[in-house]
1. Hey, among the residues in segment 268-293 that are closer than 30 Å to Lys313 by Cβ and open to solvent by less than 90 Å² (accessible area, probe 1.4 Å), which one's modelled with the lowest pLDDT?
2. Considering only segment 117-145, how many residues are buried (at least 17 other Cβ atoms within 10 Å of the Cβ), more than 16 Å from the chain's Cα centre (by Cα) and polar (S, T, N, Q)?
3. If Arg228 satisfies all but one of (1) surrounded by fewer than 22 Cβ atoms within 10 Å (Cβ to Cβ); (2) closer than 16 Å to Tyr114 by Cα, what's the number of the condition it fails?
4. Looking only at segment 190-219, which residues are assigned to a strand (DSSP E or B) and open to solvent by less than 10 Å² (accessible area, probe 1.4 Å)?
5. If I filter segment 151-184 down to residues being in contact (Cβ under 8 Å) with a residue 40 or more places away in the chain and farther than 23 Å from Glu206 by Cα, which single residue comes out as most open to solvent (accessible area, probe 1.4 Å)?
6. Of the conditions (1) closer than 25 Å to Leu69 by Cα; (2) in contact with a helix residue (DSSP H, G or I) (Cβ under 8 Å, 6 or more places away or on another chain), Ile244 fails just one. Which one is it?
7. When you scan segment 145-168, how many residues do you find that are hydrophobic (A, V, I, L, M, F, W, C), touching a strand residue (DSSP E or B) at 6+ places or on another chain (Cβ under 8 Å) and more than 30 Å from Gly124 (Cα to Cα)?
Amino acid sequence: SEATIMLRPILFLSLSLSGTAFMSPKSALIPSHIGIGASKCTTSAAPSSSSSSLHAVSICNFDSSDFALPTGEWPYTAADLNRLDNSSDDVFYTEPRFVTHIDDRAIELLTDYYKQEMTTLQQGKDKLDVLDLCSSWISHLPTEGVKYGNVVGVGMNEKELLANKQLTDYIVQDLNQQPSLSHLEDNSFDVICNVVSVDYLTKPLEVFKEMHRVLRPGGISLMSFSNRCFPTKAVAMWLQADDIGRLTIVASYYHYSSEWKSIEALDLKEMQSVPARPGTAELFQNPSLGLAWMNAAAAVQKNNGGDPMFVVKGVK
């Protein structure tokens, strides 16, 4: 099966973007026609106001003034949403892939974040109805602390969807061919999830409009991604952006599609600092400090290694 790759700040520069200019890697690679200044969204983060997690960190909150055009307009061209492989996704997803596309730590962080958001949202509700877009054999939903109603998966491979025990129903649908969710009623879901697949959407405007329509007022949409993808199927501007640029691209999908109450970018993996190494005199006096420091440094390295995990959250 085709392997995913880890994205770097600049990839596939030969795949040109019409009307797109880039800033230096230090200031974030954001297509100029999105209309976001590099200082708006930075890696200098603060704890999320919507979460008490030890790991989820708010990077920034977006508002309409951050974007070049008003809601309802659309700045992207066919070149921006072009792909290296424009063949039918039905062929690409014919065979099931019973694998995970992010590492175990990233999955753990995402599930913990889901639990945090969903338990808060469930206050005053008997249960939550969830729509899992681009779903597969696992949805990463918390198994404890949340009461679910309908959990509907929309995905490409029926064998994968059948294997997903968290789903109460599923729909086999290619959102790039049929972005409409007309078979789902207005205001019928409390939560919409999409795990590491927003970068594959070639009709994000239509999909995000439908997301807004089927969400209940006060409902939340959680678009998560890492730095891995199937590069032949990701859209061009995704491949040529860095992490901050990708957060901004997803935020712009929300903004241009509908009037969302809030749009927030979060980093689920807070980086930790390696503790200061004990001095020679300290080690002579207490040799056990050396082992303690090595264990602490190894724990930090383990936390900081592996896949990053980002979320762009929209509230209707």
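1. Gln272
2. Final tally of qualifying residues: 1.
3. The one condition Arg228 does not meet is (2).
4. Asp190, Val191, Ile192, Cys193, Asn194, Leu215, Gly219
5. Among those residues, the one meeting the criterion is Lys159.
6. (2)
7. Number of matching residues: 3.
Rundown of residues vs (1) under 21 Å from Pro308 (Cα atoms); (2) touching a Leu at 6+ places or on another chain (Cβ under 7 Å); (3) at pLDDT below 95; (4) outside any loop (DSSP other than H, G, I, E, B), yes/no style:
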residue: Tyr76; (1), (2), (3), (4): no, no, no, no
residue: Asn86; (1), (2), (3), (4): no, no, yes, no
residue: Leu121; (1), (2), (3), (4): no, yes, no, yes
residue: Gly153; (1), (2), (3), (4): no, yes, no, yes
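The values are calculated or read from the model by the stated rules, or taken from the named source; none is laboratory data. The structure displayed is predicted, hence computed values, not measured ones. Ideal geometry is used to build each Cβ from the backbone, glycine not excepted, and the neighbour counts take in all protein chains shown. Each accessible area value is taken on the protein alone, full model and side chains, heavy atoms only, with ligands, DNA and RNA left out. Shrake-Rupley method; radii C 1.70, N 1.55, O 1.52, S 1.80 Å.
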